[in-house]
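One structure is given below, encoded as C-alpha cells.
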Amino acid sequence: MELSVMNQAGKETGRKVVLNDAIFGIEPNDHAIYLDVKQFLANNRQGTAKAKQRSENAHSTRKLGRQKGGGGARPGDFKSPVRVGGGTIFGPVPRDYSFKLNKKIKQLARRSALSMRAQNGQIIVLDTLGFDAPKTKAMLEVMKNLNVADKKALFVMPENNVNVIKSARNIQRTNVTTVGELNTYAVMNANVVIMTEDAVKGLEGIFNV
C-alpha cells in the first residue's frame, strides 16, 4: 500500500511511502486483538479493592440471643453477613489481574490493528514532526491542517520527543507514543494514526520485516 507523505502544513510533499504488507496488509485477527487489549487493560488494574470479611469486622462477638426458645433461627454475633454492618461474603481482596500472553500473539495483534487502520484509510504519514518548544497551540494547528482535530488521534514517533509530548498532553483524545512502546490498545482506541516516515521504518525494525 502506498500513501502520500504530508507535511505539518497538511500539504502533500510529492513523495510516497510504501507500507510493508507484513505489517499493514495482513488479514486482521480479531481474537488476537481481543487478547492483547484484554491483557493490556488487565495489567493496568491496581487490584487493590478490598472488603472486610466476617473475621475482620470490628464488632463484638457477644451472642445476641439465647440458643433456644426465641422462635426463630439461632442468632449469631454482629459480624454475621446477614446483619447490617456485618462482614461481606466473598468480597474483593487485593489480587494481581495480570496474565502472560505469547509474544507471537502480541505481534500478530499489533500487526492486525495496524492493518485494520490502514485498510480503513485511517493512517497518515508525515515527513517529520517537531517543535522548537512545547506549545499546545502549535500541535493543534498541525491537527487542524491534517483534519484530525475532532478525532481521537495517536501520533507515533521514532523516539521520544519531549516538545511533541508536552505539546500534545493537554489536548483531549490525543496521545503520543514511540514505535517501541506502540501497543494494540492505543491503535484500536484511536480513530486515526499519524506517524512519521522514520516511525514507519522503525516499525519494520521492530517486527523484523
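Remarks
- Neighbour-limited loop hits for trypsin sites (Lys or Arg not before Pro), the range 84-126 (at most 14 other Cβ within 10 Å; DSSP other than H, G, I, E, B): ARG95, LYS100
- Dimensions of the range 126-207 from C-alpha coordinates, computed as largest minus smallest value along each principal axis and given longest first, are 34, 27, 18 Å.
- Ordering TYR34, TYR97 by accessible surface, largest first, gives TYR34, TYR97; the 1.4 Å probe counts only protein heavy atoms, with every chain in place.
- Taking Cα Rg over 2.2 N^0.38 Å as calculated from this structure, the corresponding entry among (1) 1.59; (2) 1.06; (3) 1.39 is (1).
- Note on the range 1-143: with charges restricted to the Cβ of Lys and Arg (+1) and Asp and Glu (-1), its dipole about the Cα centre is near 1560 debye.
- Area of PHE40 that stays accessible when all protein chains are in place (1.4 Å probe, Å², to 10): 70 Å²
- Counting Lys and Arg as +1 and Asp and Glu as -1 over every other residue whose Cβ lies under 11 Å from the Cβ of GLY65, the net charge comes to +4.
- 13 Å beta-carbon shell around ALA32, net charge (K/R +1, D/E -1): +3
- Charge tally for GLY47 (other residues, Cβ to Cβ under 12 Å; Lys, Arg +1; Asp, Glu -1): +2.
- Of the solvent-accessible surface of the range 1-68, computed with a 1.4 Å probe over protein heavy atoms with every protein chain present, carbon and sulfur atoms account for 50 percent.
- Applying the criteria of a DSSP loop state and at most 16 other Cβ atoms within 10 Å to the trypsin sites (Lys or Arg not before Pro) of the range 164-209 yields ARG169, ARG173.
- Among THR177, GLY85, ASN163 - extreme Cα towards positive end, dipole of the range 65-180, charges at beta-carbon: GLY85
- Principal-axis tilt of helix 30-43 within the chain, Cα atoms, nearest 10 degrees: 60 degrees
The values are calculated or read from the model by the stated rules, or taken from the named source; none is laboratory data. Just so it is clear, the structure is predicted and the values come from calculations on it, not from any experiment. Here Cβ is always computed from backbone atoms with ideal geometry, including for glycine, and neighbour counts include all displayed protein chains. Heavy atoms of the whole protein, side chains included, go into the accessibility calculation; ligands, DNA and RNA do not. Shrake-Rupley method; radii C 1.70, N 1.55, O 1.52, S 1.80 Å.
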